[in-house]
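Enquirer: Before I ask anything, here is the structure I am working with.
The values are calculated or read from the model by the stated rules, or taken from the named source; none is laboratory data. Please read all numbers here as calculations on a predicted model, not as lab measurements. Neighbour counts run over all protein chains shown; Cβ positions are idealised from the backbone, glycine included. When the accessible area is computed, the model is the full protein with side chains, heavy atoms only, and any ligands, DNA or RNA have been set aside. Shrake-Rupley method; radii C 1.70, N 1.55, O 1.52, S 1.80 Å.
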Amino acid sequence: MPPLASGPHPDRLFPAQPETRAVARRLYEQVKDLPIISPHSHVPPAWLVDDQPFSDPASLLLVPDHYALRLLHANGAELSDLGRGPDGPLPLDEAAARKAWRILCENYHLFRGTPVKYWFDTTFADVFGIAETPSARTADALYDQIAEALTRPELRPRALFERFNISVLATTDDPLDDLAAHRALAADPTFTGRVVPTFRPDRFLELGRPDWPGLARRLGEVADVDTGSYAGYVAALENRRRYFVEHGAVSSDHSHYDAGTEPLDEADAARIYAAALRGEATTAETVSFRRHMMCETARMATEDGLVMTLHPAVRRDHDPVTLAHYGHDVGSDIPVGLELTEALRPLLARYGNHPNLHLVVFTIDESVYSRELAPMAGYYRSLYVGVPWWFIDAPEAIRRFRGAVTETAGFYRTSGFIDDTRAFLSIPTRHDMSRRLDAGYLAELVTQHRLTEEEAAQTAHDLVATIPAKVFKL
Amino acid sequence: MPPLASGPHPDRLFPAQPETRAVARRLYEQVKDLPIISPHSHVPPAWLVDDQPFSDPASLLLVPDHYALRLLHANGAELSDLGRGPDGPLPLDEAAARKAWRILCENYHLFRGTPVKYWFDTTFADVFGIAETPSARTADALYDQIAEALTRPELRPRALFERFNISVLATTDDPLDDLAAHRALAADPTFTGRVVPTFRPDRFLELGRPDWPGLARRLGEVADVDTGSYAGYVAALENRRRYFVEHGAVSSDHSHYDAGTEPLDEADAARIYAAALRGEATTAETVSFRRHMMCETARMATEDGLVMTLHPAVRRDHDPVTLAHYGHDVGSDIPVGLELTEALRPLLARYGNHPNLHLVVFTIDESVYSRELAPMAGYYRSLYVGVPWWFIDAPEAIRRFRGAVTETAGFYRTSGFIDDTRAFLSIPTRHDMSRRLDAGYLAELVTQHRLTEEEAAQTAHDLVATIPAKVFKL
Amino acid sequence: MPPLASGPHPDRLFPAQPETRAVARRLYEQVKDLPIISPHSHVPPAWLVDDQPFSDPASLLLVPDHYALRLLHANGAELSDLGRGPDGPLPLDEAAARKAWRILCENYHLFRGTPVKYWFDTTFADVFGIAETPSARTADALYDQIAEALTRPELRPRALFERFNISVLATTDDPLDDLAAHRALAADPTFTGRVVPTFRPDRFLELGRPDWPGLARRLGEVADVDTGSYAGYVAALENRRRYFVEHGAVSSDHSHYDAGTEPLDEADAARIYAAALRGEATTAETVSFRRHMMCETARMATEDGLVMTLHPAVRRDHDPVTLAHYGHDVGSDIPVGLELTEALRPLLARYGNHPNLHLVVFTIDESVYSRELAPMAGYYRSLYVGVPWWFIDAPEAIRRFRGAVTETAGFYRTSGFIDDTRAFLSIPTRHDMSRRLDAGYLAELVTQHRLTEEEAAQTAHDLVATIPAKVFKL
């Protein structure tokens, strides 16, 4: 696929002012080809193990992507017509895949101004050599073009992984996972990439879930530890963390309704744990326990070294009707306000300057950047400001993030980019977007004579290479 | 009145960067003359029925405008010198009108950087052909010039309505209103404009008001339903909504202290209602009842089709002294923080995807745009993001709004512009301001190569024409 | 020291767009040499009394500056290596001073994009004639160059005070302070500057502090009033305020955890006061009392005329370990969310339009600017919006502040710049930064045709000269 004559513009996302744009171009030029470090994604590792061709354009590009599903749903599309069933993505025959694809193309105007359009446009261009805008008119032709491309060997997962120049890819995995896919990849001499798991124990820490007693039991079985007591439960988690560390994991990931971190007395923790096993813990108790476990997680991290990432403050499954029919991750998760200063204080008072703890906090509530997160990360050694996440992982929001964080915490207390995506094919354009935007922000500082161009160039390089490697211990 | 040589600049409000400005100019050119859709204003319909000349510059342009009164008050002016009395605007003789007008002109520097100055400047230029800046020196001359103009036939309300090219104007009306003015306009063959009422029941839903029992009784009288019971009260509201629908209403409007929407059991609602009639309901109960009625209002909307607009989170009459002397709407209403994700969840869980409900939510708390409102409107079919309102209905705030909302919800989940104004003469410049700013924002996306100019032009048109027509069912 | 060939760029901090930059340059030119009004700083007045040479570069420029200490700490430096001991700054021998200085220089990249770098760079250039960027390589040479300069007479405190063109400097002082330094300066015919104290009673209003009963007793002793009763305590505070007024004070300053202002009955206040003297007041009671005293402070201000400044909503000493080892003011103070509309209402209902009260409210929580503070200051005569403070006293944050406040409150309800700094040598560059940024913001309004250049020039002048003089009654 030769480069497109009329594809995405080489100056896209740069500031419009010509002097600033010229600086941005030069800064970007120096980092655009650096390898991708992806310390937090949702790519299924089995894709790389199996290395099978992707089935069809809709199943690959649309069905798993809740960013795209949401706006189509809001505009009236049925999720069942977009390839979703009660247990997640459905296997699609060609008619169904074409129908879903057509809905996307016919409604492409909904995505104007969103990063979803940007990622699609650039992915179509860079991966498939397509420069045409999706529409009712072009839907079938685009489908055919992409479907044909997906049959080619260079569009298989491993070929793309290599072409994307990904030096590390971290997946997100359940504590019960035996990490067979990761083991298979590590053992396969024909695959030389680094793909590491991430320990994601959320549901095991939520004692109020109806399915929690069963989860606790299965955790014990997998860890070969009796989780009938609180001590056993802690040991089982430590055991599974060790297992993940042994299989290359560098971080654990946590997403709960708030950022609370308040330790309990051992006896209180044990009492609530026992009550929860009997299904008798109150909501207040299960919340306390979860906040206690955040402190315990930090304690474990000081021992086994896993980086701890927090993605708090989202009301999951806001729409109960869609939850009942289509399960999770179809677009109805809605952020809520976040408080960090008081919430993190108990944890930081204990471990905030511990040399072995790296705590990276992500937020969708932008008001905490300048008010709480940057001030804390500018003081505590263990704390880093996570880059914009989910809804705010977008050009202007990323610019706001740098504007809100840098003046208080600089660049070197931030995490480096994470793509956090299920959309494997969009990983390069997401990282590229970040590099363009950081080049643009740094160029603005240069044009305002706050940085020399040399300082800016060094910083641009560090943001892509040294900072994520340091923060995620890679 | 020929166009001014030295009036407002044709490029006003466009981005300064020349390439971006050139795109903005072209986009604006295509929408600047489209008719005005004003689905939410506070213009008294009687003005259009009576079509009398406006009395004097101060009574027309200053006295009803709490945006202007507030800053003059803050700077030391007495509201009584600005034409306000205990029951609202006072009838002014020429001396009093000149005095009020002079206070405005002498303190015109207070408004630098505010949209009030912008609206005045452009209204003076476009409506009166005046290019001079108000000041102590020019106060009397300006007064004379405007007073003279107001005697001319082309400055009467109907002539202006036509000249302003308003295709629909929605007023704001009390449920007790017999809508005589609207009926008169509809029946008048010499008036061809479309002026529709809006159902604004706030005070009937606030059971804690001292005057509420009387309001409930009058509601029953007007609806010819016994409001001695909760069921009768609901029937009376439904009745009045029908009356408004029959007289052209397309929406109901709601402004309460928070956005809470939590249904009560029928029995609890009835019990609280009965207690309130006896003056015995607690504050907690009246708040619960109001949140219940928000759900009921949505339920009614699914039945009668009225669009539901929310304008929450303002502490009305913050200053009790001014309230006592001058009543409401003189500038001491102050916004408070807003929470939407949890507050709207009960309503959205029931009706959030109902095809007959359009719920438009406005906020002055900008932090909810990217955190809560855009994510919800990007998923729920019934929910739209209202454009900036009240204090943030201003150039830079509108730019922030687009920046905060678009990347998550795009353009097509927003409401289109509303002017929400008592200042009839400023309606054209307010809509023009919005068109200029949207052209500027779209131009930025074009210059950053995120949209083609064709996509931007289509979007600019939709924002002015198709989107408000769809959202407000016009 | 001649101007540098390669120092800070003359166009620094101006907008990059050439037309806008040209306007900014012209506006700045008109205000850049106006005298500095510094109505809130933390410079020790004894420096000016003693007029001794500063000891060494680290003790002068690094050790007292918690802005710089925090990021070095976050990056791993020990505070003890940065010149801090258990009781604050340590006396440093040359080796220790050089070591601390070297840590700063080696880690100078941490400050890229922060105002700390900007202030250092411009101070080095303007005060010491140094254009080189600090680094491991240049650390010793810079130290030598600055140390040498500090021996020269023109680098003594009084010479700098004069050279900085400071017309008023307000220090921050304890109610127990006898203001000997201020008296000495006032009595000294060889010092012609105006240096006034500021009444900062925070700790005397926090009845829950372990040391409070002792503080109350000492307050009584100094005021020569029996503080064994609430009435005596109020009298003692009034007495000390008068003493400060007699010594030139123009304001009192207040920094508590929230902005609450709720009056108590005299009897309740007396009861809580008595309980606190016995060490028996509850936390809720001491909070109530402090909120009561905010109202009392406003009442006193209406009588003695002291401007009242609020700096609320910071969790002081977030890190208990650092507090235990190094005390206060070393960088672990972290902001929290702020609510003003309800919190200030009781105070404003009483005194919000009193001609003798000037209440200036500062915030680090930027979300309150457009939502609460600008709307209130745009109505209440006594209330002014304080400029950005602490973490957000930085170029882009200051631009955000103007953008968030101006459209609602204009320029004339804001406070004028305050530097709020312990870093004496950075005072000129901080004020200069503010003048550049305001010139840039005004230039944007001119380029967007919202202000004429003449209006902008007048406003730029007022922001530096007439506004702070009016707000702080100077």
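Enquirer: Would you be able to say whether some residue in the stretch C:329-348 is more than 10 Å from every other protein chain (Cβ to nearest Cβ) and under 23 Å from the mean Cα position of the chain (by Cα)?
Expert: Yes, some residue in the stretch C:329-348 is more than 10 Å from every other protein chain (Cβ to nearest Cβ) and under 23 Å from the mean Cα position of the chain (by Cα).
Enquirer: Then there is this: Confirm whether residue A:345 is assigned by TED's automatic domain parsing to the domain that holds residue A:256, of a type in the set (Lys, Arg) and at pLDDT below 95.
Expert: On the way: assigned by TED's automatic domain parsing to the domain that holds residue A:256: yes; of a type in the set (Lys, Arg): yes; at pLDDT below 95: no.
Taking the combined requirement at face value, the residue does not satisfy it.
Enquirer: Just to be sure before I move on: is residue A:82 more than 28 Å from residue B:377 (Cβ to Cβ), open to solvent by less than 40 Å² (accessible area, probe 1.4 Å) and out of contact with any His (no Cβ under 6 Å at 6 or more places or on another chain) in the structure I sent? Can you show your working first?
Expert: Working: more than 28 Å from residue B:377 (Cβ to Cβ): no; open to solvent by less than 40 Å² (accessible area, probe 1.4 Å): yes; out of contact with any His (no Cβ under 6 Å at 6 or more places or on another chain): yes.
Taking the combined requirement at face value, the residue does not satisfy it.
Enquirer: Next question. So is residue C:407 touching a strand residue (DSSP E or B) at 6+ places or on another chain (Cβ under 8 Å), of a type in the set (Asp, Glu), within 27 Å of residue C:343 (Cα to Cα) and not in a loop (DSSP other than H, G, I, E, B) or not? Please lay out each step first, then the result.
Expert: Working: touching a strand residue (DSSP E or B) at 6+ places or on another chain (Cβ under 8 Å): no; of a type in the set (Asp, Glu): yes; within 27 Å of residue C:343 (Cα to Cα): yes; not in a loop (DSSP other than H, G, I, E, B): yes.
Here the answer is no, as residue C:407 does not meet what is asked.
Enquirer: Next question, about the same structure. Out of B:56, B:51, B:11, B:33, I need the residue that is in contact (Cβ under 8 Å) with a residue 12 or more places away in the chain, of a type in the set (D, E, K, R) and surrounded by fewer than 14 Cβ atoms within 10 Å (Cβ to Cβ). Which one?
Expert: Working: B:56 fails: surrounded by fewer than 14 Cβ atoms within 10 Å (Cβ to Cβ); B:51 fails: surrounded by fewer than 14 Cβ atoms within 10 Å (Cβ to Cβ); B:11 fails: surrounded by fewer than 14 Cβ atoms within 10 Å (Cβ to Cβ).
None of the others qualify; the one that does is B:33.
Enquirer: Any idea which of B:447, B:466 is surrounded by fewer than 24 Cβ atoms within 10 Å (Cβ to Cβ) and either outside the structural domain of residue B:163 (by TED's automatic domain parsing) or out of contact with any Gly (no Cβ under 8 Å at 6 or more places or on another chain) (or both)? So that I can check it myself, show each step before the final result.
Expert: Values: B:447 fails: surrounded by fewer than 24 Cβ atoms within 10 Å (Cβ to Cβ).
Residue meeting the stated conditions: B:466.
Enquirer: Can you name the residue in the stretch B:419-449 that is part of a helix (DSSP H, G or I) and of a type in the set (Lys, Arg) and, of all such residues, is nearest to the other protein chains (Cβ to nearest Cβ)? Full working, then the answer.
Expert: First, pick out the residues of the stretch B:419-449 that are part of a helix (DSSP H, G or I): B:424-447.
Now narrow it down to the ones that are of a type in the set (Lys, Arg): B:430, B:435-436.
Details: B:430: 14, B:435: 15, B:436: 10 Å.
Among those that are part of a helix (DSSP H, G or I) and of a type in the set (Lys, Arg), it is B:436.
Enquirer: Continuing with the same structure: Considering the stretch C:150-170 alone, what residues qualify as being assigned by TED's automatic domain parsing to the domain that holds residue C:431 and of a type in the set (Val, Ile, Thr)?
Expert: C:166, C:168, listed by residue number.
Enquirer: Take residues that are more than 9 Å from every other protein chain (Cβ to nearest Cβ) and among the small types (Gly, Ala, Ser) and tell me which of the helices (runs of 4 or more DSSP H) falling wholly in the stretch B:1-118 contain 3 or more.
Expert: By residue number, B:94-106.
Enquirer: Pairs only if they're at least six apart or on different chains, beta carbon under 8 angstrom, first in the stretch A:266-283 and touching a residue at least 24 places away in the same chain (Cβ under 8 Å), second open to solvent by 60 Å² or more (accessible area, probe 1.4 Å) and among the small types (Gly, Ala, Ser); list them, first residue then second.
Expert: Every condition considered, the pairs that remain are A:270/A:231.
Enquirer: Looking only at the stretch A:315-328, filter to residues that are over 21 Å from the mean Cα position of the chain (by Cα) and surrounded by fewer than 21 Cβ atoms within 10 Å (Cβ to Cβ); which one of those is nearest to the other protein chains (Cβ to nearest Cβ)?
Expert: Of all residues in the stretch A:315-328, those over 21 Å from the mean Cα position of the chain (by Cα) come to A:319-326.
Now narrow it down to the ones that are surrounded by fewer than 21 Cβ atoms within 10 Å (Cβ to Cβ): A:320-321, A:323-325.
Values: A:320: 5, A:321: 7, A:323: 10, A:324: 11, A:325: 11 Å.
Checking each candidate, the answer is A:320.
Enquirer: OK, next. Looking at the stretch C:108-152, which of the residues that are among the β-branched types (Val, Ile, Thr) and closer than 17 Å to residue C:423 by Cα is surrounded by the fewest Cβ atoms within 10 Å (Cβ to Cβ)? Walk me through it before giving the result.
Expert: The first filter runs over the stretch C:108-152 and keeps only residues among the β-branched types (Val, Ile, Thr), leaving C:114, C:116, C:122-123, C:127, C:130, C:133, C:138, C:146, C:151.
Adding the requirement that they be closer than 17 Å to residue C:423 by Cα leaves C:114, C:116, C:122-123, C:127, C:146.
Values: C:114: 25, C:116: 24, C:122: 19, C:123: 22, C:127: 22, C:146: 22.
If we take residues in the stretch C:108-152 being among the β-branched types (Val, Ile, Thr) and closer than 17 Å to residue C:423 by Cα, then C:122 is surrounded by the fewest Cβ atoms within 10 Å (Cβ to Cβ).
Enquirer: Going through the stretch B:450-461 one residue at a time, which ones are surrounded by fewer than 20 Cβ atoms within 10 Å (Cβ to Cβ) and either within 11 Å of chain A (Cβ to nearest Cβ) or outside any helix (DSSP H, G or I) (or both)? Before you say what the answer is, go through the steps one by one.
Expert: Initially, the stretch B:450-461 is screened for residues surrounded by fewer than 20 Cβ atoms within 10 Å (Cβ to Cβ), giving B:452-455, B:458, B:461.
Hits for the stretch B:450-461 are B:452, B:454, B:455, B:458.
Enquirer: Another one. Of all residues in the stretch C:371-406, which are open to solvent by 10 Å² or more (accessible area, probe 1.4 Å), at the interface with another protein chain (Cβ under 7 Å from one of its Cβ atoms) and more than 16 Å from the chain's Cα centre (by Cα)?
Expert: Result: C:371, C:381, C:396.
Enquirer: Another one. Can you tell me which residue among B:18, B:8 is in contact with a Ser or Thr (Cβ under 6 Å, 6 or more places away or on another chain), over 27 Å from residue B:194 (Cβ atoms) and outside the structural domain of residue B:146 (by TED's automatic domain parsing)?
Expert: Working: B:18 fails: in contact with a Ser or Thr (Cβ under 6 Å, 6 or more places away or on another chain).
After ruling out the rest, the residue left standing is B:8.
Enquirer: If you check residue B:231 against the conditions, is it more than 12 Å from residue B:277 (Cβ to Cβ) and aliphatic (A, V, I, L, M)? Show your work before the answer.
Expert: On the way: more than 12 Å from residue B:277 (Cβ to Cβ): yes; aliphatic (A, V, I, L, M): yes.
Spelling it out, residue B:231 is indeed more than 12 Å from residue B:277 (Cβ to Cβ) and aliphatic (A, V, I, L, M).
Enquirer: Taking the stretch C:351-369 only, how many residues are open to solvent by less than 10 Å² (accessible area, probe 1.4 Å) and within 14 Å of chain A (Cβ to nearest Cβ)?
Expert: Residues of the stretch C:351-369 that are open to solvent by less than 10 Å² (accessible area, probe 1.4 Å), as a first pass: C:352, C:357, C:359-365, C:368-369.
Remaining after also requiring within 14 Å of chain A (Cβ to nearest Cβ): C:362-365, C:368-369.
Adding up the residues that qualify gives 6.
Enquirer: Right, another one. All but one of (1) within 18 Å of residue B:374 (Cβ to Cβ); (2) surrounded by 24 or more Cβ atoms within 10 Å (Cβ to Cβ); (3) at pLDDT 95 or above; (4) among the small types (Gly, Ala, Ser) hold for residue A:331; which doesn't?
Expert: Exception for residue A:331: condition (3).
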